[in-house]
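This report concerns only the one structure given below.
The values are calculated or read from the model by the stated rules, or taken from the named source; none is laboratory data. Treat the numbers as computed from the prediction; the structure is a model and nothing was measured. Counting neighbours? That spans all protein chains shown, and the Cβs are built from the backbone with ideal geometry, glycine included.
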Amino acid sequence: MQKVLIILFLMTSLVACTPLQFAVANAPTLSYDGQISKDVAYGQFPRQKLDIYVPNIEQETFPVVVFFHGGRWIDGSKDQYKFVATTLSNKGYVVVLPNTRLYPDVKFPTFLEDAAKSVAWVHENIACYKGNQNLFITGHSSGAHIGALIITDRSYLEEQGYKPNIINAFAGLAGPYDFVPKATDIRDIFGPPENFPNMVVTNFIDGDEPPMLLIYTDEDDTVYPRNLVALKAGIERAKGNVETIIYETGGHTATVAAFSWANPSDLPVPGDMDAFFKKFLR
């Protein structure tokens, strides 16, 4: 009965993503029996830190998942998404949760540069945490946008000395991949207007990017599924590798809330993501 009440609470209020909702979602992570390395620096700035979750499973090495949190490029923290890390870690992944710098402290493309820097750090150092060279990227909302852009606009990883082929595959949850900013703060983040094309993931598709899984819900009225349609069409035109999943129910946060023990929508997102990643193990 207690879990039912919590699920009903999350169904009605998770959209707000308040500290209370995150506290509820993260409560079972207190019993996570893997190893957590907190606030590992990948750069010199305070937000350039990441957390690493290593499974307590009898295995020498594990594939690696990097998850970028959402928050409209202005909000959010790795500390809020422990439930994502522990769920994926319990499936047999080393999971990395990076922070990047946020607006208004920085604007586009600085947070993309931070993200690429964190991925380069993972590629170079994750063996020290039982990670192997199977590297996957995922993220929710603005985090999905960040993850998708650093693997399609190859300039970000090239600045770190790498190419997107160090990444096996990408899975994006409700990402705003193809839009023109309208809100005043978002226009300021990505502006001036002549710079807007540089933040559109679809503009950088050439067919050579890592395989991509695009996950949405039909009821998302925050980041509309047309973003999926546009990016999927662009990848298919370039003869790239793309798969899509559109669940019938659930709003914008449902795809990430599905990683919580109190999954308010019962969407099978973690299992679907895991199955997709396993197709591309090297």
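On the given criteria, is residue 270 touching a helix residue (DSSP H, G or I) at 6+ places or on another chain (Cβ under 6 Å) and assigned to a helix (DSSP H, G or I)? It is true that residue 270 is touching a helix residue (DSSP H, G or I) at 6+ places or on another chain (Cβ under 6 Å) and assigned to a helix (DSSP H, G or I). For the range 203-224, taking the residues that are among the hydroxyl-bearing types (Ser, Thr, Tyr) and buried (at least 19 other Cβ atoms within 10 Å of the Cβ), the one that is nearest to residue 136 (Cα to Cα) is identified as 216.
Does residue 39 satisfy the condition of being over 20 Å from residue 140 (Cβ atoms), charged (D, E, K, R) and part of a strand (DSSP E or B)? Judged against the criteria, residue 39 is a match.
Results for (1) closer than 23 Å to residue 201 by Cα; (2) part of a loop (DSSP other than H, G, I, E, B); (3) touching a residue at least 60 places away in the same chain (Cβ under 8 Å), shown as yes or no for each residue.
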site: 56; (1), (2), (3): no, yes, no
site: 73; (1), (2), (3): yes, yes, yes
site: 85; (1), (2), (3): no, no, no
site: 95; (1), (2), (3): no, no, no
site: 117; (1), (2), (3): yes, no, yes
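The residues of the range 198-233 that are assigned to a helix (DSSP H, G or I) and polar (S, T, N, Q), listed by number, are 198, 202, 203, 227. Scanning the range 173-186 for residues that are outside any loop (DSSP other than H, G, I, E, B) and within 19 Å of residue 231 (Cβ to Cβ) yields 173, 186. Yes or no: the range 124-140 includes at least one residue that is surrounded by fewer than 24 Cβ atoms within 10 Å (Cβ to Cβ), in contact with a Ser or Thr (Cβ under 6 Å, 6 or more places away or on another chain) and touching a residue at least 24 places away in the same chain (Cβ under 8 Å). Within the range 124-140, one or more residues are surrounded by fewer than 24 Cβ atoms within 10 Å (Cβ to Cβ), in contact with a Ser or Thr (Cβ under 6 Å, 6 or more places away or on another chain) and touching a residue at least 24 places away in the same chain (Cβ under 8 Å).
Each row is one residue, and each column tells you yes or no for (1) under 27 Å from residue 110 (Cα atoms); (2) of a type outside the set (A, V, I, L, M, F, W, C).
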position: 177; (1), (2): yes, yes
position: 185; (1), (2): yes, yes
position: 203; (1), (2): yes, yes
position: 209; (1), (2): yes, yes
position: 217; (1), (2): no, yes
position: 222; (1), (2): yes, yes
position: 256; (1), (2): yes, no
position: 270; (1), (2): no, yes
position: 280; (1), (2): no, no
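Assess whether residue 250 counts as being in a loop (DSSP other than H, G, I, E, B) and buried (at least 19 other Cβ atoms within 10 Å of the Cβ). Yes: the conditions hold for residue 250. With respect to the conditions (1) surrounded by fewer than 19 Cβ atoms within 10 Å (Cβ to Cβ); (2) at pLDDT below 95, residue 44 falls short on a single one, namely (2). Listed conditions (1) buried (at least 23 other Cβ atoms within 10 Å of the Cβ); (2) within 27 Å of residue 165 (Cβ to Cβ) are all met by residue 275, apart from (1).
Assigned to a strand (DSSP E or B), touching a residue at least 24 places away in the same chain (Cβ under 8 Å) and either in contact with a Ser or Thr (Cβ under 8 Å, 6 or more places away or on another chain) or over 26 Å from residue 63 (Cα atoms) (or both): is that true of residue 170 in this structure? Against the criterion (assigned to a strand (DSSP E or B), touching a residue at least 24 places away in the same chain (Cβ under 8 Å) and either in contact with a Ser or Thr (Cβ under 8 Å, 6 or more places away or on another chain) or over 26 Å from residue 63 (Cα atoms) (or both)), residue 170 qualifies.
State yes or no: is residue 236 without any contact (Cβ under 8 Å) to a residue 60 or more places away in the chain, in a helix (DSSP H, G or I), surrounded by fewer than 17 Cβ atoms within 10 Å (Cβ to Cβ) and more than 16 Å from the chain's Cα centre (by Cα)? Yes; evaluated as a whole, the condition is true for this residue. Does the range 93-105 contain any residue that is surrounded by fewer than 18 Cβ atoms within 10 Å (Cβ to Cβ) and within 19 Å of residue 209 (Cβ to Cβ)? No: zero hits. Being touching a residue at least 24 places away in the same chain (Cβ under 8 Å) and either assigned to a loop (DSSP other than H, G, I, E, B) or surrounded by 22 or more Cβ atoms within 10 Å (Cβ to Cβ) (or both) holds for only one residue in 263, 195, and it is 263.
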